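A.B. asks: Let me begin by handing over the structure; questions about it come next.
The values are calculated or read from the model by the stated rules, or taken from the named source; none is laboratory data. Treat the numbers as computed from the prediction; the structure is a model and nothing was measured. With ideal geometry, Cβ positions are generated from the backbone for all residues, glycine too; neighbour counts draw on all protein chains shown.
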Amino acid sequence: MEIRTKLTYQFSAIVAFILLVSFLSVYISFSQARKEEFYNRLSNKAKMVAQMLIDIDEIDMDLLKRIEKNNPLSLANEKIIIYDYNNKKIYSTDYDDVIKISEKYINQIRLEQSIRFGQNPYEVVGEFYIGQSARIVVFAAATDIFGMNKMKRLRFILGMVFMVSLAIVFLAGRLFAVRALYPMSVIVRQVNKIGISNLHARVNEGNGKDEIALLAKTFNTVLGRIETAFKTQKSFIANASHELRTPLTVITGQIEVILMKARTNDEYREILQLVLSEIKDLNMISNKLLLLAQASSDPSDISYSVFRIDDLLWQAQNELQLRSPEFVINIRFDESVDDDEKMLVFGNEILIKTAIVNLMENACKYSSGNPVEVVLECSDETVKMHFIDKGIGIEEQDLKMIFEPFFRSKNAVNFQGHGIGLSVVEKITQLHKGKIEVSSSVGMGSEFILSIPIHKNR
Ligand code: ADP
């Protein structure tokens, strides 16, 4: 069911309930007032007739009947019945015997002085009257035609007012709900128009204050994030294909050139060497891209274990020096490293080693053979690895960008690389709830600090 319809029904139901309760209380109090008034009149009548019969000697029963018959003040269908001290009926104008009075009622009146009850369509009042010469019980009964008609009319008026009010409330509620939800429909229409081709479009934030404006604002924020992610994705794909295409173009070119005519063995060897190096480069790029994908995956898809971080530092140093013997990497333990427990890390060993190798390799690569220092520092919460080089450094404005995939500083173009390593490091760090910081000054060198929470702390 649409919200506007639901709101209209709920609104109408609430108003209907309130109207019903108020009308019912009006009706009930009117009905009680009518009854009270009619019983009082009956009671007065009973007392008056009893007084006339008992206390006025000149009036006997026949005279009283005649007086009552012609009394213009008599009530509609009025019946008067009188019983003596022996419960014997001594007077009655109920000629058809329609009012049924049992002895129980008469005795009850003697105890309680007065009773009131209904005998459809009559209302009956019984009074105990003590006169100068007798003690009698008088019943007066009549139908309140006038009062009943008034009640009927009241019922009709209240019923009509209820129906008309309900119809008005339903229409007003509908109008109100449609108007209140109109901005929502506008937003839905605007959102439906937003697609991949116009992700820059935003929905109207209206007055910027109410809940709907807040919804629009939140939607715009999410849209902004999606747009950024989409752009990043797009540029990532463009960069990745560019990086993969370059070595492929070189390989194709070389092979085409060599196939143009017959070549000497040395020429073939030279070209094959070149092709091999391009293939190695290609292999490296695809490996790094795979790593980036792996490090960006869901943490629950990655296997974790507990290991010593210093072991990884030694392994990374060995690996790099085997690959590039000219790299000089000095590993030093800070004095804070006083407990083996503090070097235990819970994470993915292969990924953390990859991050360490990348940072060590960058430090060596960008410092052109200058020795690189790696310092291990421990605390009760984290292990910190400092990778310090005295290389080319990074310009201030590039510091924010170096973790973006494929970003390379201008001063790094003469060094081999593809700009993927640091984004892999950042993803691995995030995966392990760690932190990567960098400080650098151009021409002086750089320091990268990788912090990983220790096992105890996770
Ligand atoms: P690559 O080294 O393959 O270019 P990275 O993602 O590892 O890719 O590094 C991104 C950029 O950050 C590098 O191109 C370089 O400009 C800069 N950079 C990273 N490490 C250093 C460093 N130790 N000294 C100077 N510049 C660095």
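A.B. asks: Check off (1) part of a loop (DSSP other than H, G, I, E, B); (2) more than 7 Å from the ligand (Cβ to nearest atom); (3) surrounded by fewer than 18 Cβ atoms within 10 Å (Cβ to Cβ) for residue 405 and give me the number that stays unchecked.
C.D. replies: Evaluating residue 405 over (1) part of a loop (DSSP other than H, G, I, E, B); (2) more than 7 Å from the ligand (Cβ to nearest atom); (3) surrounded by fewer than 18 Cβ atoms within 10 Å (Cβ to Cβ) leaves (3) as the failure.
A.B. asks: Still on this model: Is there a residue in region 292-299 that is at pLDDT below 90 and over 27 Å from residue 408 (Cβ atoms)?
C.D. replies: Scanning region 292-299 turns up at least one residue that is at pLDDT below 90 and over 27 Å from residue 408 (Cβ atoms).
A.B. asks: Another question, then. Could you identify the single residue in 131, 126, 118 that is within 13 Å of residue 45 (Cβ to Cβ) and among the small types (Gly, Ala, Ser)?
C.D. replies: So the residue among 131, 126, 118 that is within 13 Å of residue 45 (Cβ to Cβ) and among the small types (Gly, Ala, Ser) is 126.
A.B. asks: Now, a different point. Go through 310, 389 for me and flag whichever is more than 43 Å from the chain's Cα centre (by Cα) and farther than 28 Å from residue 416 by Cβ.
C.D. replies: Unique residue meeting the criteria: 310.
A.B. asks: Here's another thing I want to ask about it. So if I check each of 73, 63, 111, which one is within 15 Å of residue 47 (Cβ to Cβ) and more than 60 Å from the chain's Cα centre (by Cα)?
C.D. replies: On inspection, the qualifying residue turns out to be 73.
A.B. asks: Within region 55-85, track down each residue that is part of a loop (DSSP other than H, G, I, E, B) and within 25 Å of residue 122 (Cβ to Cβ).
C.D. replies: 70, 71, 72, 73, 74, 75, 76, 77, 78, 84
A.B. asks: So, one more: Exactly one of (1) at pLDDT 90 or above; (2) closer than 27 Å to residue 149 by Cα; (3) part of a helix (DSSP H, G or I) is unmet by residue 99. Its number?
C.D. replies: Just one mismatch for residue 99, condition (3).
A.B. asks: For the condition at pLDDT below 95 and outside any loop (DSSP other than H, G, I, E, B), what is the one hit in 430, 416?
C.D. replies: Exactly one residue qualifies, and that residue is 430.
A.B. asks: Also, I was wondering about something else. Please enumerate the residues belonging to region 191-230 that are surrounded by 14 or more Cβ atoms within 10 Å (Cβ to Cβ) and either in contact with a His (Cβ under 6 Å, 6 or more places away or on another chain) or of a type in the set (Gly, Ala, Ser) (or both).
C.D. replies: Matches in region 191-230: 201, 206, 213, 216.
A.B. asks: Could you list all residues from region 191-212 that are farther than 23 Å from residue 5 by Cβ, part of a helix (DSSP H, G or I) and free of Cβ contacts under 8 Å to residues at least 24 places away in the same chain?
C.D. replies: 193, 197, 198
A.B. asks: Can you tell me which residue among 381, 437, 396, 373 is over 20 Å from residue 285 (Cβ atoms), more than 9 Å from the ligand (Cβ to nearest atom), among the acidic types (Asp, Glu) and touching a helix residue (DSSP H, G or I) at 6+ places or on another chain (Cβ under 8 Å)?
C.D. replies: On inspection, the qualifying residue turns out to be 381.
A.B. asks: Search region 232-254 for residues that are more than 20 Å from residue 270 (Cβ to Cβ) and touching a residue at least 40 places away in the same chain (Cβ under 8 Å) and pair each with any residue that is in a helix (DSSP H, G or I) and aliphatic (A, V, I, L, M) when their beta-carbon atoms are under 6 Å apart and the residues are at least 6 apart or on different chains.
C.D. replies: Note: pairs meeting the criteria are 243/285.
A.B. asks: What number goes with the only condition from (1) more than 20 Å from residue 39 (Cα to Cα); (2) within 60 Å of the chain's Cα centre (by Cα) that residue 149 does not pass?
C.D. replies: Unmet condition: (1).
A.B. asks: Please specify each residue of region 29-81 satisfying the condition of being surrounded by fewer than 12 Cβ atoms within 10 Å (Cβ to Cβ), of a type in the set (S, T, N, Q) and either in contact (Cβ under 8 Å) with a residue 60 or more places away in the chain or closer than 18 Å to residue 95 by Cβ (or both).
C.D. replies: Selection gives 70 alone.
A.B. asks: If you don't mind, there's one more thing I want to ask. Tell me, yes or no, whether region 421-431 has at least one residue that is within 11 Å of the ligand (Cβ to nearest atom), farther than 19 Å from residue 235 by Cβ and out of contact with any helix residue (DSSP H, G or I) (no Cβ under 7 Å at 6 or more places or on another chain).
C.D. replies: Within region 421-431, not a single residue is within 11 Å of the ligand (Cβ to nearest atom), farther than 19 Å from residue 235 by Cβ and out of contact with any helix residue (DSSP H, G or I) (no Cβ under 7 Å at 6 or more places or on another chain).
A.B. asks: Of the residues that sit in region 239-262 and are among the charged types (D, E, K, R) and part of a helix (DSSP H, G or I), which one is surrounded by the fewest Cβ atoms within 10 Å (Cβ to Cβ)?
C.D. replies: 256
A.B. asks: Let me ask something additional. Is it true that residue 134 is over 30 Å from the mean Cα position of the chain (by Cα), closer than 18 Å to residue 80 by Cβ and modelled with pLDDT under 90?
C.D. replies: Yes.
A.B. asks: Out of 179, 155, report the one residue that is out of contact with any strand residue (DSSP E or B) (no Cβ under 7 Å at 6 or more places or on another chain) and without any contact (Cβ under 8 Å) to a residue 60 or more places away in the chain.
C.D. replies: 179
A.B. asks: Condition first: among the aliphatic types (A, V, I, L, M), out of contact with any Leu (no Cβ under 7 Å at 6 or more places or on another chain) and within 24 Å of residue 438 (Cβ to Cβ). Can you find one or more residues in region 339-349 that meet it?
C.D. replies: Looking through region 339-349, at least one residue is among the aliphatic types (A, V, I, L, M), out of contact with any Leu (no Cβ under 7 Å at 6 or more places or on another chain) and within 24 Å of residue 438 (Cβ to Cβ).
A.B. asks: Which of the residues belonging to region 61-76 are of a type in the set (Asp, Glu) and at pLDDT below 80?
C.D. replies: 68, the sole residue that qualifies.
A.B. asks: Does region 102-128 hold any residues that are among the charged types (D, E, K, R) and assigned to a strand (DSSP E or B), and which are they?
C.D. replies: Of everything in region 102-128, those that are among the charged types (D, E, K, R) and assigned to a strand (DSSP E or B) turn out to be 116, 123, 127.
A.B. asks: If residue 388 satisfies every condition in (1) within 11 Å of the ligand (Cβ to nearest atom); (2) out of contact with any helix residue (DSSP H, G or I) (no Cβ under 6 Å at 6 or more places or on another chain); (3) part of a loop (DSSP other than H, G, I, E, B); (4) of a type outside the set (Phe, Trp, Tyr) but one, which is the exception?
C.D. replies: Only one criterion is unmet by residue 388, namely (3).
A.B. asks: Residues that are touching a residue at least 60 places away in the same chain (Cβ under 8 Å), of a type in the set (S, T, N, Q) and crowded, with 19+ Cβ neighbours inside 10 Å: which helices (runs of 4 or more DSSP H) entirely in region 263-380 hold 3 or more of them?
C.D. replies: Counting at least 3 such residues, we get 349-365.
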